């Protein structure tokens, strides 16, 4: 089959819908059947050409039977393209309190060639705008297309039936078995009697989804208004399993084998309370922890977190046993921004401080006031492709009880940020960046317990350098510091639906004095592979130190884990 007069996407479209092309492999076809298929093709082609703005087009067919196999040639005269002149509305009823959107607001390009698919698709946008402005049952018919064959222009006319304007009525919630209904109602963003606005459904859906309590969530207006002229809302929920056991394995050349196991209950008391227990172990650290969260503390829009953990460390920098516990009360001030405060207690037993032997076998007890602010609009936690996450933590420390290992008051601040930008959808390419800075004010590095110094380096920090090694060293022993800087940059490229590569560059360093941050910085670069699964990406990275220190840094480091590096 040959097409003349068209090329590119238009030719491909005609080829795709052709009846004759789909039957071209049949060995024996009568001349009458071929003629019928040609006529069918011409009708289909004319419809397709009209939809693409060629309404004054013509199609001719020529079948050459003197060659084997016969050749069917379609000659298409598209004629001049018809231009979208504008849109208009025919309204059955009254539209109050809003103006129906013009062509530009609907994303239509007035003055461009008419495209039926685009013009028909925006009917849904008109319907959505009505539903967002008090009309729960709007109807927008498929537009009538008025073509001017003299001017070669097209106008689309949308017939709109807005229906009756209404307020939110009573909300009925069904499907709950163990989750308390009042807890679910507390997340409803609208109030009965307020003007109906369907965007509130999206807000409510997002809030319920974040609770991780439901496998299905359906929010719909009733099919008719109640006796008071309001629209009742029906919320249908299906609870998911509320207990989860998690386990994972990893490996890195600096920390050795790593394993973790955890248990979680997501609805402990019927109000979405979470209780988590976890155990983690690696070649340098073992940790056991318990954490509790109440998403609506004392029935208010407050989140309450209580946790405790025990950590046994045996790193190149120190050997220590520590226990800490505390609580945090936080509130989402505006969308994506939460702020909170709490108290925290730490007890530490520094068994061996490799860089400061005078601190060996010292105990410390510290009480701190925790102040936090967090901005988070990422689209995913395990594999984000857009958005930002900024965390600020300010924590004044006060010695209590044992003071031989920490006798001074000080303030520790940490600011961290990550950002993600999707450059391409297919193949997917995401630029990811991370920066962090921290400092302990009012003390020197020597005054800080080893477990509270900053030690950049490792798989979640500066890759290419060993765990805690991206800073000053004494021989091959990391010194840590009272301040640090870190950054990371990645280009996350998907090569197939499941497989991707990630070139990256990291940098960072620890400093003894936050008032004396010089230009020292260690850099690591490498390449990672990602295999995407239903529970997140599997990560394997290999990195080399760009400023390798003799007898200190290994030629390379590699890391295997679940989830992105940040």
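The values are calculated or read from the model by the stated rules, or taken from the named source; none is laboratory data. These numbers were taken from a predicted model, which means no experiment stands behind them. In this analysis, Cβ positions are derived from the backbone assuming ideal geometry, glycine residues included, and neighbour counts consider all displayed protein chains.
Annotations
- Some residue of segment 323-334 being in contact (Cβ under 8 Å) with a residue 60 or more places away in the chain and either in a strand (DSSP E or B) or surrounded by 17 or more Cβ atoms within 10 Å (Cβ to Cβ) (or both): no
- Residue ID - nearest to residue 159 (Cα to Cα), chosen from residues in segment 61-78 that are modelled with pLDDT of 95 or more and touching a helix residue (DSSP H, G or I) at 6+ places or on another chain (Cβ under 9 Å): 78
- Comparison of 461, 440 shows that the only residue that is in contact with a helix residue (DSSP H, G or I) (Cβ under 9 Å, 6 or more places away or on another chain), buried (at least 21 other Cβ atoms within 10 Å of the Cβ), at pLDDT 95 or above and within 21 Å of residue 518 (Cβ to Cβ) is 440.
- Hey, residue 46 over 23 Å from residue 153 (Cα atoms), outside the structural domain of residue 131 (by TED's automatic domain parsing) and surrounded by 13 or more Cβ atoms within 10 Å (Cβ to Cβ) or not: no
- Tally, over segment 199-238, of residues that are part of a loop (DSSP other than H, G, I, E, B) and either exposed (fewer than 14 other Cβ atoms within 10 Å of the Cβ) or more than 23 Å from the chain's Cα centre (by Cα) (or both): 9
Residue-wise test of (1) surrounded by 15 or more Cβ atoms within 10 Å (Cβ to Cβ); (2) at pLDDT 95 or above; (3) under 29 Å from the mean Cα position of the chain (by Cα).
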{"position": "522", "(1), (2), (3)": "yes, yes, no"}
{"position": "525", "(1), (2), (3)": "yes, yes, yes"}
{"position": "529", "(1), (2), (3)": "yes, yes, yes"}
{"position": "536", "(1), (2), (3)": "yes, no, yes"}
{"position": "551", "(1), (2), (3)": "no, no, no"}
{"position": "556", "(1), (2), (3)": "yes, yes, no"}
{"position": "559", "(1), (2), (3)": "yes, yes, yes"}
{"position": "562", "(1), (2), (3)": "yes, no, yes"}
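- Looking at segment 102-198, the helices (runs of 4 or more DSSP H) lying wholly inside it that each contain 1 or more residues that are closer than 20 Å to residue 223 by Cβ sit at 123-131.
- Qualifying positions in segment 111-144 - touching a residue at least 60 places away in the same chain (Cβ under 8 Å), in contact with a helix residue (DSSP H, G or I) (Cβ under 8 Å, 6 or more places away or on another chain) and either surrounded by 15 or more Cβ atoms within 10 Å (Cβ to Cβ) or more than 20 Å from residue 56 (Cα to Cα) (or both): 115, 116, 132
- Meets criteria (closer than 27 Å to residue 429 by Cα, in contact (Cβ under 8 Å) with a residue 60 or more places away in the chain, surrounded by fewer than 23 Cβ atoms within 10 Å (Cβ to Cβ) and assigned by TED's automatic domain parsing to the domain that holds residue 411) for residue 540: no
- Single residue of segment 263-289 satisfying the filter (within 25 Å of the chain's Cα centre (by Cα) and surrounded by fewer than 16 Cβ atoms within 10 Å (Cβ to Cβ)) that is farthest from residue 208 (Cα to Cα): 263
- Among the candidates 89, 135, 158, residue that is out of contact with any strand residue (DSSP E or B) (no Cβ under 9 Å at 6 or more places or on another chain) and at pLDDT 95 or above: 135
- Residue within segment 62-74 that is under 24 Å from residue 146 (Cβ atoms) and under 52 Å from the mean Cα position of the chain (by Cα) present: no
- Test: residue in segment 344-358 that is buried (at least 17 other Cβ atoms within 10 Å of the Cβ), over 29 Å from residue 480 (Cα atoms), assigned by TED's automatic domain parsing to the domain that holds residue 493 and touching a residue at least 40 places away in the same chain (Cβ under 8 Å): no
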